[in-house]
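The values are calculated or read from the model by the stated rules, or taken from the named source; none is laboratory data. Given the structure is predicted, the values throughout are model-derived calculations rather than measurements. Here the Cβ positions follow ideal geometry from the backbone for every residue, glycine too, while neighbour counts run over all protein chains shown. The area values use the complete protein model at the heavy-atom level, side chains included, leaving out ligands, DNA and RNA. Shrake-Rupley method; radii C 1.70, N 1.55, O 1.52, S 1.80 Å.
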Amino acid sequence: HYLSIMNLSLSFQCFLIVALLASTGDAAKRDKKKRAKSSKSNTKSSKSSKSRAKSDKADRSGDGGDGGGEFEETCPGITSEPTPSAVYTMTNQPTNEILVYSRDPYTGKLTFEDKVATDGMGGRLSSSSGPPENAVLPETFLDPLASTGSITVAGNCLLAVNAGSNDISTFRIVSSSEIYKTGIVDSGGEFPLSITEKEGLVYVLNGGGQGHIHGFHLTGYNCMLTPIGEPVELSQGDTVTPTDPNFFPATAAQIGFTPEGNIMVTIKINGGGQNFPSGFGSLNTYFIDPEDGTTSADDLDQMIISDPPGAIPFSFDFDDKGNLLVIEAFGEGGAPTGMGQANVFVDGELVSEVGTGQPDSCWIQHNPRNSCVYTTNNNGGDSISSFHLEDAALKLVESEAATLNTPLDMDIHPDNRFLYPLST
């Protein structure tokens with residue numbers, strides 16, 4: 001299967017305008033300078049980034065990148081030539097690689113540039129909650145990590161997990177077309193599947209076994225990671241089974257920073273596959289010591305998601321007011337046949353819940369520029385849903401705002417004009 005990255009223009013009405021479909025298959029053929037074949041991809045996370053720290057805020061109305069010139073914005077003092085930028089994803093193959101796409105900052109168009117080895121191995125969660133005959137999906141299921149954010153951009157650095165070799169690769173971003181590897185470090189657990197960074201503090205989520213989180217300090221000039229503290233085991237109540245490998249609909253899914261600088265982790269079903277499909281998931285907040293960046297199991301505040309059983313809280317984001325947005329894969333009706341549901345929490349209280357009308361809604365992104373929220377709907381949904389968010393209340397705009405084959409993770413470029421989802 002070829003990886004595809006779709007470029008979608010974002011309008012103020014929360015509609016999606018398809019601008020480009022970039023595939024590693026055609027891109028490798030077009031680019032004669034690069035190595036021969038594009039790799040097959042059990043691909044995971046897409047991260048859009050600028051190749052320089054300074055933010056690109058330039059916006060040109062009517063250039064084909066804002067939905068046909070429906071609105072205008074001016075940014076006094078911004079030069080006509082914005083900073084070059086890039087989009088990164090990874091193959092998650094046994095020989096894992098980062099795929100580099102340069103990005104036109106005006107049109108959002110992507111051009112395949114290179115593939116760079118992580119010197120680590122990709123991995124795959126189990127599709128069985130027990131013996132192989134209990135498999136609920138074939139081993140070729142195209143969501144091998146079942147997570148959000150397996151690579152991330154941190155200033156001029158790129159960080160990527162290698163789930164099959166239990167380590168993290170670090171890269172220096174040289175330009176919009178070039179990166180080079182600077183190091184590789186143990187993840188502090190088994191099967192790393194999500195990573196996050198804020199102001200030089202990095203945390204990785206390991207989904208194997210009971211699950212662990214582990215912290216690192218990032219040195220900006222050489223993009224090297226230094227471990228801090230000890231790995232912290234996730235609180236799952238029961239002993240997780242199975243664990244060799246873990247069952248994909250019941251693992252931890254995402255790690256990320258809250259606006260206050262603490263760590264949040266989603267667990268789809270506490271206790272693992274033995275509790276699927278009727279078990280309860282959880283939102284887990286770990287309070288970070290501001291002195292050294294560490295945390296512990298004693299610093300955990302856990303919210304159990306029990307209505308309905310099998311809701312599968314998967315990924316999260318925050319709006320520009322700091323409110324928490326959570327997507328549940330089966331929030332309407334529960335696993336395995338329910339539909340997705342997007343939720344808004346204010347100060348820990350659920351204040352809005354709206355269904356996507358699509359199955360397997362697993363990834364969510366908020367766009368502060370137009371107050372819209374987007375979800376990608378995976379196996380069977382094959383679509384993106386759009387919502388409008390106002391005063392912490394969600395309203396469904398389009399259940400099927402765009403269609404694409406088996407979408408996974410997605411990212412919005414920092415200029416908030418283009419959305420880049422993966423299609424596998």
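One table, with the values for the structure above:
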quantity: Theoretical gain in end-to-end length, Val174 to Thr241 [0.36 nm per residue, Cα-Cα removed]; calculated: 19.8 nm
quantity: Formal net charge of residues neighbouring Thr337 (Cβ-Cβ distance under 15 Å; K, R +1; D, E -1); calculated: -3
quantity: Antiparallel content of DSSP bridges confined to region 213-307, in %, to 5; calculated: 100 percent
quantity: Extension gain from Thr219 to Phe287, taking 0.36 nm per residue of separation minus the Cα-Cα distance; calculated: 22.2 nm
quantity: Estimated distance in nm for a label pair at Glu260 and Asn379, the labels positioned 7 Å out from Cα along Cα-to-Cβ; calculated: 3.6 nm
quantity: Inter-site label distance for Asp320 and Ser278 at 7 Å from Cα along Cβ, in nm; calculated: 4.5 nm
quantity: Highest-first arrangement of 169-179, 402-412, where packing means the average Cβ count within 10 Å; calculated: 402-412, 169-179
quantity: Within-14-Å neighbourhood charge of Asp307 [Cβ basis; K, R +1; D, E -1]; calculated: -4
quantity: Alpha-carbon centroids, region 313-328 and region 84-105: separation in whole Å; calculated: 25 Å
quantity: Out-of-range pairs (alpha-carbon distance over 28 Å; input Lys198/Lys395; Lys268/Lys395; Lys109/Lys181; Lys115/Lys198; Lys181/Lys321; Lys198/Lys268); calculated: Lys198/Lys395; Lys181/Lys321
quantity: Around Gly348: net Lys/Arg minus Asp/Glu count, Cβ-Cβ under 14 Å; calculated: -4
quantity: Where region 193-343 is the region considered: accessible area per residue in Å², 1.4 Å probe; calculated: 37 Å²
quantity: Within the accessible area of region 198-307 (1.4 Å probe), percent carbon and sulfur; calculated: 48 percent
quantity: Tensor-based shape of region 310-424 (alpha-carbon gyration tensor, a/c under 1.5 rounded, otherwise prolate or oblate); calculated: oblate
quantity: Two-site FRET efficiency, Glu349 against Ala297, from Cβ-Cβ distance with R₀ of 35 Å, rounded to 0.05; calculated: 0.90
quantity: Accessible area of Glu233 in the full protein assembly, 1.4 Å probe (Å², nearest 10); calculated: 100 Å²
quantity: Region 277-324 - Rg (one decimal) and Dmax (whole number), Cα, Å; calculated: 13.7, 41
quantity: Residue list for region 210-238, given a label point 7 angstrom along the Cα-to-Cβ vector of Ser306 and an amide N cut-off under 19 Å; calculated: 235-238
